[in-house]
Amino acid sequence: MMNLLEAHDIESYFDIRGGLFGRIQSYVKAVNGVSLNVGEGEIVSVVGESGCGKSTLGLALLGLQKIRSGSLSFQGESINVNDFKSWQGLRKDLQIIFQDPYTSLNPRLTIYESLSEPLLLHGICKKSELKDKVGYLLEQVELKPEMMDRFPHSFSGGQRQRICIARVLGIEPKLIVCDEIVSALDVSVQAQILELLLKLKESHNLSLLFISHDLAVVRAISRRIYVMYLGRVVEEGPSEMLFHQPKHPYTKALLDSIPTLDRSRRPVLLEGEVPSPTNLPTGCAFASRCKYKSEKCGELPQRSGLDDQSYYCHNPLN
Amino acid sequence: MRIFSDLTQARLVRFRKMRRAYYSFWVLSVAYIFSLLATLLVNDRPIYFSYQGESYFPIFCHYTEQDFGGQYLTEANYNNLLQNEHFLDKASSIISPPIYQNPLRSHLYLEDAPPHAPSWDHWLGTDESARDVLARLIYGFRNCMSFSLLLTIAIAILGILIGGIQGYAGGLTDLISQRLIEIWASLPFLYVVIIIGSIYERGFFMLVAILALFSWIGLSYYMRAEFLKLKNMNYIRVARALGLSKTRIFFKHILPNGLTPVVTLLPFSLIGGISALTSLDFLGFGLNPPTPSWGELLSQGLKNLHAPWITVSTVCALFITLMLAAFIGEGVREAFDPKGDEK
């Protein structure tokens, strides 16, 4: 299988400025050397707790957040990450859907205007065919074409998320980054949206990079998972292996903390402080909360493990 | 395609429901439209008459005395003509403006020294140059409203562009321009007007330009904040991810959503413009005499305290205009209050 998107050692920092001339005083190291790849037609997930940098990673992969260092390639061609034009060439193939459907649609544009804009920009269809095309797109996401003249505020969260999907679907991208797209929705609506997305993935031959904190959702849809902690990937592998045999203590802790209805199995919560992302420890960032901490953890762990499942830990679980 | 989005529509409906603001808006608009037609309504020449079978439009065309049987090639004096029996015999269907006055004409033939008290001929009396106060008030209204509207438009354009670019670009551009604006804001405005006014002629547009250059700053702060806020909205990120150009994102996606402070500030900026022009005229640094202006009338009133009709009528006119504009501003602010917007 060919890799559609390959990212190597991506770093994306937020500047903390201060003083009279706004000099950079320190950084929030949101993404601190992440490598990942997404194959053609694959669904890959990135999971991690809030603030681990997974959303920033999603933005960085689309050039919406400045990339400090690292290399990216799409369909085998490398992208000049600091060049605006280089990104503009990718816009048709690489798209993103955001978490909050309430702020993802311009409140002053009708659905028709929102959906037709990218179609015209990328020359997908002629002006005379726009209405039909927008209607067709709405049908694809199981909405009525008559809705196109309404404004976003008259739609529910689930409907808005469908409209957002229709918008990116229109330009027929190859890869869609889905940044927590269902976490703002009701559980019943979540399932509908996920099902729709999987159906569209098959019919449009899409690849999906799914960013989420919801392990149940991630497990249900993705083939491969990256677990992030404080800007770094701590473990990656096929989802079944990761769920059954986590190697990294953090992955294990994430799985253990899922609340269940089984009262005898209480969720195991992590203890200890999360280090500040402005001042990361030199060694393993998880060490301060890790039960299996040893002296070696003062050093940054190297990638180890098999090809399928790899992890960054000195004291992996068995 | 609809002209207004649902949001704007709802705000317009809310504005209409605020009776005081809504009526003030109509009164002020109608008054301004009438004042724009002042040439036809307040003038000391007939709008139309026919003389020896031919049509004449004295307000719009230049006719000499000879045209009407006089001796000279100078412009016809219609006041004399209309009392001349020979002329009246040959002329017919004379249409005169409802207020037969000219703001620039001095009525030096009146008895006593000017200013003259109100009379049947001059409803609000005359000023110290024996010019009709009512005519000057009406033309002054037209001048100061036009001035303020132009000024407001100029302020809006400058404030939106500069504030918007600052907020949208952010970073170093924002930082440097913000410092420059602070320096610019601390320049003493009145001295600049005096200096520029003494070098160049203080024309109408020159004054608008100078005032605009000093008044956009407040609005730019609001716009900067709006753009800083809106550029991180998801729909702007989506627009960027879709590959829209920066100009399109600026004007089509951010600007319409960030216009609330502009719209709510506009009526107050109008008030500011009227007050600014009036005070400049009052101090003698405004429009060149003999342009009719309220500030100049006020300063005449101050010099002629024994002629209260000048001051009283001007102050009343100024008060009513500013009050109407303030009511409109209040209503617009209420209508655009985000607390009233449903989700």
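Listing for the model above:
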| quantity | calculated |
| --- | --- |
| Segment A:I258-A:S35, length gained on full extension (0.36 nm per residue, minus Cα span) | 77.6 nm |
| Efficiency of FRET between A:L306 and A:L20 - r from beta-carbon atoms, R0 60 angstrom, step 0.05 | 0.65 |
| Gain in span if fully extended, A:E172 to A:Q88, counting 0.36 nm per residue against the direct Cα distance | 28.7 nm |
| Cβ neighbours within 10 Å from other chains - mean over B:300-308 | 0 |
| Shielding score for A:83-91, defined as the mean number of other chain Cβ atoms within 10 Å | 2 |
| Kyte-Doolittle mean at least -1.0 and Cα axial length at least 15 Å: DSSP H helices in chain B | B:6-17, B:19-36, B:133-169, B:171-185, B:189-199, B:204-215, B:217-230, B:260-283, B:308-335 |
| Rounded if a/c under 1.5, otherwise prolate or oblate - segment B:189-273, Cα gyration tensor axes | prolate |
| In nm, spacing of pseudo-spin labels at A:Y292 and A:V274 (7 Å Cα→C-beta vector) | 2.2 |
| Rounded to 10°, Cα long-axis angle of helix A:187-204 versus longest principal axis of chain A | 70 |
| 5 angstrom amide H check on B:Y63, placed H, neighbours 5+ away | B:A76 |
| Antiparallel %, DSSP beta bridges [both residues in the protein assembly as shown], to 5 | 65 |
| Sorted by Cβ density within 10 Å, fewest first, the residues B:W309, B:W120 | B:W120, B:W309 |
| Crossing angle, helix A:111-121 versus chain A [Cα axis fit, 0-90 degrees, rounded to tens] | 80 |
| Shielding by partners, peptide A:12-21 (average Cβ within 10 angstrom, other chains) | 1 |
| Cα gyration tensor, the protein assembly as shown - rounded (a/c under 1.5), prolate or oblate | prolate |
| Loop-resident sites, segment A:1-87, for chymotrypsin sites (Phe, Trp or Tyr not before Pro), counting at most 15 other Cβ within 10 Å (DSSP) | A:F21 |
| Amide H contacts of A:V234 (H built 1.01 Å from N, under 5 Å, at least 5 apart or other chain) | A:V227, A:M228, A:Y229 |
| Cα→Cβ-extended label distance, 7 Å offset, between A:K127 and B:R16, nm | 3.2 |
| Of A:K92/A:K131; A:K92/A:K144; A:K131/B:K252, those spanning more than 23 Å from alpha-carbon to alpha-carbon | A:K92/A:K144 |
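All of the numbers you see were taken from the coordinates with simple rules; none came from a lab. Since this is a predicted model, take the numbers as computed values, not measurements. All Cβ positions, glycine included, derive from the backbone under ideal geometry; neighbour counts span all protein chains shown.
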